[in-house]
């Protein structure tokens with residue numbers, strides 16, 4: 001798959017997220033009116049309604065908000081056991097996540113890593 | 001005076017469809033069987049129905065069900081998809097419609113054959129453009145158990161809730177099921193059995209999870225004058241509420257607070273009661289954690305105290321708060337969406353026709369539906385007075 005085709009992944013509102021992901025940069029939306037960060041992307045700030053939002057580089061740091069070790073195979077591409085988690089970004093918003101290569105616990109601080117994918121842009125995942 | 005004081009609404013008939021593993025019916029024929037039986041309890045027939053409320057009965061579900069039942073002149077229709085909580089929400093929608101005279105006889109119905117059709121998958125939906133397929137599906141979180149597992153894990157992290165406490169809920173459900181001949185699982189169950197069962201998504205074990213069965217049912221709601229013709233005792237709805245919080249795991253505002261906080265507040269305030277007035281509750285038990293957190297959010301105990309609250313058999317037969325009295329989704333039946341069967345059981349308890357599992361002197365009962373990934377809830381307070 002060409003880089004151009006990878007960019008077709010996603011939608012009109014999320015395109016900047018995946019364009020940055022292609023360069024292994026994590027970006028989130030920031031409201032210049034009220035200061036709120038938001039994820040997943042929307043066309044305006046859902047905290048205050050302002051249109052004045054910009055994409056910013058996230059720090060790539062997060063805390064594990066909750067997690068589970070998945071021990072059942074739900075599809076061929078997922079090989080249990082693995083860790084699915086919700087992480088809270090340093091900026092505030094939460095993302096679904098995998099925690100890779102470690103045995104973490106809730107409250108642990110994690111940092112961004114990227115998982116290469118065959119047919120889509122790199123996926124943000126996390127590690128201790 | 002609230003709307004239900006001015007315009008009393010009753011559940012005048014209830015029925016279960018065939019339950020368990022069903023090969024000699026379709027979903028629509030199961031609905032038809034249940035609808036006729038519930039209407040007979042109300043002293044009515046399909047000809048009386050002018051409001052139809054269904055969920056999960058296919059595209060434009062009320063239309064498909066209405067056509068199958070030969071109801072072509074209904075004037076209030078609702079196929080709102082609120083998952084398993086839709087049916088408690090339908091009580092609110094139907095009661096308001098009846099109060100406003102937009103319909104007089106509301107049929108709420110549902111069925112599923114997801115056991116016999118093996119229609120259940122934990123895999124995320126395919127795709128490349130939806131929010132779910134971009135931001136959740138790639139992480140392989142099993143639906144819905146992975147979501148509830150993370151909710152349980154966070155509850156344990158904050159409040160010290162234990163797997164043994166969650167197991168007490170499954171054990172209580174089984175004890176009730178042992179008194180219900182229609183229950184799918186009736187063999188004895190201990191806390192140790194639950195803890196020894198296979199971990200699916202930590203901390204939830206196989207026996208923390210509800211069954212997957214076929215089944216369904218029907219309810220008939222109507223106004224006071226029409227309820228006088230009922231064959232069995234009509235049960236009055238005195239409080240109702242519904243709410244929702246999130247669709248995606250990372251968007252739940254607080255993973256240890258469910259939408260039951262709001263649906264319960266609305267329903268209890270409308271009924272003018274507190275949890276201390278409740279004689280029994282039918283909480284949605286998709287997973288053990290679903291019950292524990294709902295009891296906190298409805299105010300039966302403080303947030304974080306659910307683990308100790310459910311311990312010592314409080315929810316079991318003979319306990320202070322009878323709950324899941326037909327055996328719940330954990331042991332009786334769970335046909336994809338349990339919310340309707342919670343209402344059926346609550347009505348039977350309030351009529352005093354629950355046989356060996358009858359809660360003595362039950363006057364006020366609560367059905368609390370939960371849908372999605374703790375996404376929605378509907379709370380209904382009923383009385384036989």
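Looking at region B:1-85, what strands (runs of 3 or more DSSP E) fall wholly within it and have at least 1 residues that are at pLDDT 95 or above and within 20 Å of residue B:114 (Cα to Cα)?
Values: elements: B:9-16, B:51-54, B:76-78.
Passing ranges, in order: B:9-16, B:51-54.
Return the residue satisfying two criteria in turn: it lies in region B:120-136 and is touching a residue at least 60 places away in the same chain (Cβ under 8 Å) and more than 7 Å from every other protein chain (Cβ to nearest Cβ), and of such residues it is surrounded by the most Cβ atoms within 10 Å (Cβ to Cβ).
To start, the set of residues in region B:120-136 that are touching a residue at least 60 places away in the same chain (Cβ under 8 Å) comprises B:120, B:131-132, B:135-136.
Then drop every residue that is not more than 7 Å from every other protein chain (Cβ to nearest Cβ), which leaves B:120, B:132.
On the way: B:120: 11, B:132: 16.
Filtering first and then ranking leaves B:132.
Among what's in region A:113-128 and is within 11 Å of chain B (Cβ to nearest Cβ) and in a loop (DSSP other than H, G, I, E, B), pick the residue that is nearest to residue B:129 (Cα to Cα). Spell out how you get there, then give the answer.
Let us first name the residues in region A:113-128 that are within 11 Å of chain B (Cβ to nearest Cβ), namely A:115, A:117, A:119-126.
Filter once more, so that each one left must be in a loop (DSSP other than H, G, I, E, B): A:117, A:119-122.
On the way: A:117: 16, A:119: 13, A:120: 11, A:121: 13, A:122: 15 Å.
This residue is A:120.
If you go through region A:102-109 one residue at a time, do you hit one that is more than 14 Å from chain B (Cβ to nearest Cβ) and modelled with pLDDT under 95?
As a first pass, look at region A:102-109 and keep what is more than 14 Å from chain B (Cβ to nearest Cβ): A:102, A:109.
Still in the list and also modelled with pLDDT under 95: A:102.
Within region A:102-109 (the criterion being more than 14 Å from chain B (Cβ to nearest Cβ) and modelled with pLDDT under 95), the answer is yes, since at least one residue qualifies.
For region A:52-60, does any single residue satisfy the condition of being touching a strand residue (DSSP E or B) at 6+ places or on another chain (Cβ under 9 Å), on the phi > 0 side of the Ramachandran plot and surrounded by 14 or more Cβ atoms within 10 Å (Cβ to Cβ)? Break it down stepwise before answering.
Quick first cut of region A:52-60, residues touching a strand residue (DSSP E or B) at 6+ places or on another chain (Cβ under 9 Å) only: A:52-60.
When the remaining residues are screened for being on the phi > 0 side of the Ramachandran plot, the result is A:60.
So of that shortlist, the ones also surrounded by 14 or more Cβ atoms within 10 Å (Cβ to Cβ) come out as A:60.
Taking every residue of region A:52-60 in turn, at least one turns out to be touching a strand residue (DSSP E or B) at 6+ places or on another chain (Cβ under 9 Å), on the phi > 0 side of the Ramachandran plot and surrounded by 14 or more Cβ atoms within 10 Å (Cβ to Cβ).
For region A:74-90, indicate whether the set of residues that are buried (at least 17 other Cβ atoms within 10 Å of the Cβ) and in contact (Cβ under 8 Å) with a residue 40 or more places away in the chain is non-empty.
Scanning region A:74-90 turns up at least one residue that is buried (at least 17 other Cβ atoms within 10 Å of the Cβ) and in contact (Cβ under 8 Å) with a residue 40 or more places away in the chain.
Which members of region B:267-294 meet the condition of being closer than 24 Å to residue B:207 by Cβ and either over 17 Å from the mean Cα position of the chain (by Cα) or not in a loop (DSSP other than H, G, I, E, B) (or both)?
Just the residues of region B:267-294 that are closer than 24 Å to residue B:207 by Cβ, to begin with: B:280-294.
If the condition is that a residue be closer than 24 Å to residue B:207 by Cβ and either over 17 Å from the mean Cα position of the chain (by Cα) or not in a loop (DSSP other than H, G, I, E, B) (or both), then B:280, B:281, B:282, B:283, B:287, B:288, B:289, B:290, B:291, B:292, B:293, B:294 are the ones that fit.
Being at pLDDT 95 or above, within 20 Å of residue B:252 (Cα to Cα) and surrounded by 24 or more Cβ atoms within 10 Å (Cβ to Cβ): is that true of residue B:324 here? Steps first, please.
Details: at pLDDT 95 or above: yes; within 20 Å of residue B:252 (Cα to Cα): no; surrounded by 24 or more Cβ atoms within 10 Å (Cβ to Cβ): yes.
For residue B:324, the condition - at pLDDT 95 or above, within 20 Å of residue B:252 (Cα to Cα) and surrounded by 24 or more Cβ atoms within 10 Å (Cβ to Cβ) - is not met.
Being more than 11 Å from every other protein chain (Cβ to nearest Cβ) and part of a loop (DSSP other than H, G, I, E, B) is the filter here, so list the residues in region A:47-73 that pass it.
If the condition is that a residue be more than 11 Å from every other protein chain (Cβ to nearest Cβ) and part of a loop (DSSP other than H, G, I, E, B), then A:47, A:48, A:49, A:50, A:51, A:52, A:58, A:59, A:60 are the ones that fit.
Quick check on region B:172-179. Is at least one of its residues within 14 Å of chain A (Cβ to nearest Cβ), closer than 26 Å to residue B:292 by Cβ, part of a helix (DSSP H, G or I) and at pLDDT 95 or above?
To start, the set of residues in region B:172-179 that are within 14 Å of chain A (Cβ to nearest Cβ) comprises none.
Within region B:172-179, not a single residue is within 14 Å of chain A (Cβ to nearest Cβ), closer than 26 Å to residue B:292 by Cβ, part of a helix (DSSP H, G or I) and at pLDDT 95 or above.
Identify the residue in region B:185-238 that is in a strand (DSSP E or B), touching a residue at least 24 places away in the same chain (Cβ under 8 Å) and within 14 Å of chain A (Cβ to nearest Cβ) and, among all such residues, is surrounded by the fewest Cβ atoms within 10 Å (Cβ to Cβ).
B:205
Considering only region B:138-149, state which residues are under 23 Å from the mean Cα position of the chain (by Cα) and either without any contact (Cβ under 8 Å) to a residue 40 or more places away in the chain or assigned to a helix (DSSP H, G or I) (or both). Before the answer, list the steps.
Going through region B:138-149, the residues under 23 Å from the mean Cα position of the chain (by Cα) turn out to be B:142-149.
B:145, B:146, B:147, B:148, B:149, listed by residue number.
Within region B:295-329, restricting attention to residues that are part of a helix (DSSP H, G or I) and within 12 Å of the chain's Cα centre (by Cα), which residue is farthest from residue B:27 (Cα to Cα)? Give the steps one after another, and end with the answer.
Filtering region B:295-329 for residues part of a helix (DSSP H, G or I) gives B:295-297, B:306-309, B:311-313, B:328-329.
Now drop any that are not within 12 Å of the chain's Cα centre (by Cα), which leaves B:328-329.
Working: B:328: 21, B:329: 19 Å.
Only one residue tops the list, namely B:328.
Any idea which residue in region A:23-46 is nearest to the other protein chains (Cβ to nearest Cβ), counting only those that are surrounded by 15 or more Cβ atoms within 10 Å (Cβ to Cβ), free of Cβ contacts under 8 Å to residues at least 60 places away in the same chain and in a loop (DSSP other than H, G, I, E, B)? Full working, then the answer.
Start the filter on region A:23-46 by keeping residues that are surrounded by 15 or more Cβ atoms within 10 Å (Cβ to Cβ), which leaves A:25-31, A:36-41, A:44-45.
Add one more test, that the residue is free of Cβ contacts under 8 Å to residues at least 60 places away in the same chain, and what stays is A:25, A:27, A:29, A:31, A:36-41, A:44-45.
Filter once more, so that each one left must be in a loop (DSSP other than H, G, I, E, B): A:25, A:36, A:39-41, A:44-45.
Working: A:25: 16, A:36: 14, A:39: 8, A:40: 5, A:41: 9, A:44: 16, A:45: 16 Å.
Only one residue tops the list, namely A:40.
State all residues of region B:374-385 that are farther than 15 Å from residue B:263 by Cα and either buried (at least 24 other Cβ atoms within 10 Å of the Cβ) or touching a strand residue (DSSP E or B) at 6+ places or on another chain (Cβ under 7 Å) (or both); if no residue qualifies, say none.
Of all residues in region B:374-385, those farther than 15 Å from residue B:263 by Cα come to B:383-385.
The answer is B:383, B:384.
Filter region A:116-128 down to residues that are modelled with pLDDT of 95 or more and surrounded by fewer than 13 Cβ atoms within 10 Å (Cβ to Cβ), then give me how many there are.
Number satisfying all stated conditions: 1.
From B:152, B:106, grab the single residue that is in a helix (DSSP H, G or I), in contact with a strand residue (DSSP E or B) (Cβ under 7 Å, 6 or more places away or on another chain) and either crowded, with 23+ Cβ neighbours inside 10 Å or at the interface with chain A (Cβ under 9 Å from one of its Cβ atoms) (or both). Step through it out loud before you land on a result.
On the way: B:106 fails: in a helix (DSSP H, G or I).
Sole residue among the options that is in a helix (DSSP H, G or I), in contact with a strand residue (DSSP E or B) (Cβ under 7 Å, 6 or more places away or on another chain) and either crowded, with 23+ Cβ neighbours inside 10 Å or at the interface with chain A (Cβ under 9 Å from one of its Cβ atoms) (or both): B:152.
The values are calculated or read from the model by the stated rules, or taken from the named source; none is laboratory data. Just so it is clear, the model here is predicted, and its values are computed rather than measured. Positions of Cβ are generated from backbone atoms using ideal geometry, with glycine treated the same way; all protein chains shown enter the neighbour counts.
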